[in-house]
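The structure under discussion appears below in the form of structure tokens.
The values are calculated or read from the model by the stated rules, or taken from the named source; none is laboratory data. Keep in mind it's a predicted model, so treat the numbers as computed, not measured. No Cβ is skipped: glycine too gets one built from the backbone with ideal geometry, and neighbour counts run over all protein chains shown. These accessible areas exclude ligands, DNA and RNA; they are computed on the full protein's heavy atoms, side chains included. Shrake-Rupley method; radii C 1.70, N 1.55, O 1.52, S 1.80 Å.
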Amino acid sequence: MILQHFEDQESGIMNAIKKNPESASPRKKLALETARLGKRLYSNADDLVWAGPLVPFDLLNAMEVTPCFAEFIASILVSTDAGPLFFENAEQAGYASDTCGYHRMLMGSALKGMIPTPKLLISAMSPCTGGLAAMENLARVFKKDLFILHIPQKESDHGVRILANHIRNMAESVSSHTGKVLDKDRLRKAMENTNKTRDILSNIYKLAQQVPSPVNGRDLSNFGIVLPLFFGTEVGIEIAQSFYDELKSRIKANRSGVPGERIRLMWLQNRIQFKNNLVKMLEKEFNASIVIDELNVITWDPIDPEDPYIGLARRSISSPLNGTVERRVKQIVKLAEAYKIDGAINPCHWGCRQGTGARGLIDSSMKEIGVPVLNLEVDCVDPRNFAEGQLITRIEAFMEMIESRPSPW
Amino acid sequence: MKDKSKLIGFTCAYTPLALIDAAGFAPYRILPMGDSPDQAGHILHENLCPHVKRVLDRGMQDDIPELSGIVFMNSCDTMRRLNDAWQKVRPNDNTLLVDLPVSNDPGSVSFFAEELALLTDTLSQWSGNNITPERIENSIGRYNELAMHLNELKKRVDNGTLKDGSLRLQTIYNKAATEPIKDVMEMIKQMIDETNELSDGGLPVYLFGNVLPDPEAFVLFESCGARIVSEDLCTGSRMTHSIETDKSSDVFKRLANGLLSRTACARTVDPINPGKMALDVVERANACNARGVIGHTVKFCDPYLARMPSVRDALKKEGISFLLLEGDCTMRSIGQHKTRIEAFIEMLR
Ligand code: SF4
Ligand code: SF4
């Protein structure tokens, strides 16, 4: 069923582009490649590795294994008709409804046999303890081995060194479970590709900062979370390049992402993964654009292709979802200034302790620079209790408040 | 009266108490007790573990003794956020977050050993004392002794030969976490020396979970007809454990290995054996001949919530009855389960 979903998605996009080449957009390109990745995942691939979101996917790509992170697949499954059923399965099996929806979706679908069996699972305590627990549960259900990567909270010499070694061990473990070896040249090439993608991303983000911004609230949603799956590959570079080209051409044509942009917003952490009208409403009613998603950011230096492990370790440690809130908040404030935002929306994704636990500190730091934050209470993955009407009312009030005050910039 | 400025706060059973002792401090666990008003949810989020929220409430209300510093362990997401929030609400406190790996593989042990060395440097700065390896060895010896005595006491409680055993054992655990070790050791010795007095029966139950520090909770279990014949809680027997004393190996590595290899709480994972916690619960329940198992976990605790389905399955496979209770660290919440506990015990008879 899920394989069919990806096949339909791939052929649908290809047919649409064939019929109307003008309709090819970077967003479609990204959707096409994720459909292809999904197809590989569900085609009984014998080289499948499930990993947490902070695991270096470029290294896995260099080994030519099929990598996937659990939250990615959960966000795809939620858009299928069976989505709500999977949540019910999980809850019937005893997985508490007040835990993160990504993990409930994973467990519910795995128990129904809807998740392909990997050769190995790799997890880490970052970004979240719930994620590690979900991977342990999956390893138990699949009766497969679990490799745990310890990502230190702070960047210290000993932490980086030990994580770098751990990543090396991880590659060996992947090798012994999949039979794929890590070729030195392929690893070097993958790192060069990662660095190229990094450069393009950095240029994309600079373009997005322009006032008015060439991006609209949908262009770059989930971008900084999903693109790492393609790090180290030519496809990753192509996807990034197509976004860059599109934004460049919009700027050249004097076309802003949201026509008549009046309000610039930041979205914190997760987007809502199922269909909803919030972004459309923001654009239509208030000419408001989500110009920056918190996770669309580069926090790491280029990686040395000759000795990548230290750079890969530093990159994982530098994630905004790892480490102290103080560090995360500094990054958010920096983004707020760079993108000149008028306000931020924090969905406070239900069940995400690491994220929601930062709510108060984010609020107070943003207040210091004059940027208001709207804290919602949304389960970004489970649509069953989604109260769109109430959310719209709160967002409208927030927009009116922003409109009534001077810009912080 | 203890010298309050000599106290170091801590909040997690993985804290290396021997290092705090070696620095000349006494560890003081900020237990989620007392009646500070609920305020922490505004800074953190309502949907977060009540253990952490109540600890923060105590900090916000200044319902703690004067501390020279606080050592937080990176035991879970919520504990990390507690470290962040604490600095916001009490900016003048010395704090340190010690990174705590989730498994005991050699790389993680080495990493943790270096974290413990850093903690030692920090404690040395806070105290002004030079923490020599000898001092650490002596403190390890003292804490090993405490662990041994507590274990002896626990055995008497498990065998049902100490009057009001589980209530008094929990009281001693709380004292061991908050009062100078010397005084507590004396009290334990006196209790061990008391003459045997067989308890009045009750159905043998194995209790496991995370945070349940209120001794009254144990009175409640007994009033419902249960006798706790063994317990595995992070405010109970998981708080102390022996560390190897082979002085030929690096002391930090020994401490790191000891802490990461002791009876695991749900936040610690054995990657070789995913889901091991469920098997451990079954093994311990069988070892103490329990007729049933009660799991107690505070709400919103991801490490425990995520493992409960596998625990339930494993116990079911073994034909052992299981009752899961969720609470918020207050007697009110555990009291609300009274009827369920009574019914559970009744069903087991
Ligand atoms: S939303 Fe939070 S809890 Fe859920 S997977 Fe992401 S980081 Fe983990
Ligand atoms: S009870 Fe659970 S969530 Fe709370 S601090 Fe302990 S492990 Fe973390």
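Of everything in the range B:272-300 that's open to solvent by 70 Å² or more (accessible area, probe 1.4 Å) and not in a helix (DSSP H, G or I), which residue is farthest from the other protein chains (Cβ to nearest Cβ)?
B:ASN289
Suppose the filter is more than 13 Å from ligand 1 (Cβ to nearest atom), touching a residue at least 40 places away in the same chain (Cβ under 8 Å), open to solvent by 10 Å² or more (accessible area, probe 1.4 Å) and more than 14 Å from chain B (Cβ to nearest Cβ); does A:ASP46 pass it?
Answer is yes for this residue.
What are the residues in the range B:211-266 that are within 16 Å of ligand 2 (Cβ to nearest atom) and within 14 Å of chain A (Cβ to nearest Cβ), if any?
Result: B:LEU260, B:ALA264, B:CYS265, B:ALA266.
Tell me which of these B:ASN144 doesn't satisfy, since it passes every other one: (1) within 14 Å of chain A (Cβ to nearest Cβ); (2) open to solvent by less than 40 Å² (accessible area, probe 1.4 Å).
If we test B:ASN144 against (1) within 14 Å of chain A (Cβ to nearest Cβ); (2) open to solvent by less than 40 Å² (accessible area, probe 1.4 Å), just (1) comes out false.
Consider the range A:362-396. How many of its residues are open to solvent by 20 Å² or more (accessible area, probe 1.4 Å), assigned to a helix (DSSP H, G or I) and either within 12 Å of chain B (Cβ to nearest Cβ) or within 19 Å of B:ASP84 (Cβ to Cβ) (or both)?
Summing the residues that are open to solvent by 20 Å² or more (accessible area, probe 1.4 Å), assigned to a helix (DSSP H, G or I) and either within 12 Å of chain B (Cβ to nearest Cβ) or within 19 Å of B:ASP84 (Cβ to Cβ) (or both) in the range A:362-396 gives 5.
Would you say A:SER407 is among the small types (Gly, Ala, Ser) and in contact (Cβ under 8 Å) with a residue 40 or more places away in the chain?
When the stated conditions are applied, A:SER407 passes them.
Test of understanding: among B:MET277, B:MET308, B:MET239, B:MET347, which residue is away from ligand 1 (no atom under 16 Å from the Cβ), within 20 Å of B:THR11 (Cβ to Cβ) and not β-branched (Val, Ile, Thr)?
Residue meeting the stated conditions: B:MET239.
Quick grid of which residues meet (1) within 8 Å of chain A (Cβ to nearest Cβ); (2) basic (Lys, Arg); (3) within 13 Å of ligand 2 (Cβ to nearest atom); (4) in contact with a Ser or Thr (Cβ under 7 Å, 6 or more places away or on another chain):
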residue: B:PRO32; (1), (2), (3), (4): no, no, yes, no
residue: B:SER36; (1), (2), (3), (4): no, no, no, no
residue: B:LEU48; (1), (2), (3), (4): yes, no, yes, yes
residue: B:VAL71; (1), (2), (3), (4): no, no, no, yes
residue: B:THR78; (1), (2), (3), (4): yes, no, yes, no
residue: B:ASP84; (1), (2), (3), (4): yes, no, no, yes
residue: B:LEU96; (1), (2), (3), (4): no, no, no, yes
residue: B:ASN104; (1), (2), (3), (4): no, no, no, yes
residue: B:VAL109; (1), (2), (3), (4): no, no, no, no
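From A:ASN137, A:ASN89, grab the single residue that is among the polar types (S, T, N, Q) and more than 10 Å from chain B (Cβ to nearest Cβ).
Selected residue: A:ASN89, the only one of A:ASN137, A:ASN89 that is among the polar types (S, T, N, Q) and more than 10 Å from chain B (Cβ to nearest Cβ).
Hey, which of the helices (runs of 4 or more DSSP H) in the range B:140-257, taking only ones fully inside, have at least 1 residues that are of a type in the set (Asp, Glu) and within 18 Å of the chain's Cα centre (by Cα)?
Where helices (runs of 4 or more DSSP H) fall fully within the range B:140-257 and carry at least 1 residues being of a type in the set (Asp, Glu) and within 18 Å of the chain's Cα centre (by Cα), they are B:215-223.
Across the range A:146-175, what is the total count of residues that are within 9 Å of another protein chain (Cβ to nearest Cβ) and under 25 Å from the mean Cα position of the chain (by Cα)?
Number of matching residues: 10.
What's the total number of residues in the range A:94-116 that are over 26 Å from A:ASP46 (Cβ atoms), more than 16 Å from ligand 2 (Cβ to nearest atom) and of a type in the set (S, T, N, Q)?
Within the range A:94-116, residues that are over 26 Å from A:ASP46 (Cβ atoms), more than 16 Å from ligand 2 (Cβ to nearest atom) and of a type in the set (S, T, N, Q) number 1.
Go through the range B:1-99 and tell me which helices (runs of 4 or more DSSP H), entirely inside it, have 1 or more residues that are open to solvent by 40 Å² or more (accessible area, probe 1.4 Å).
B:40-43, B:50-61, B:77-89
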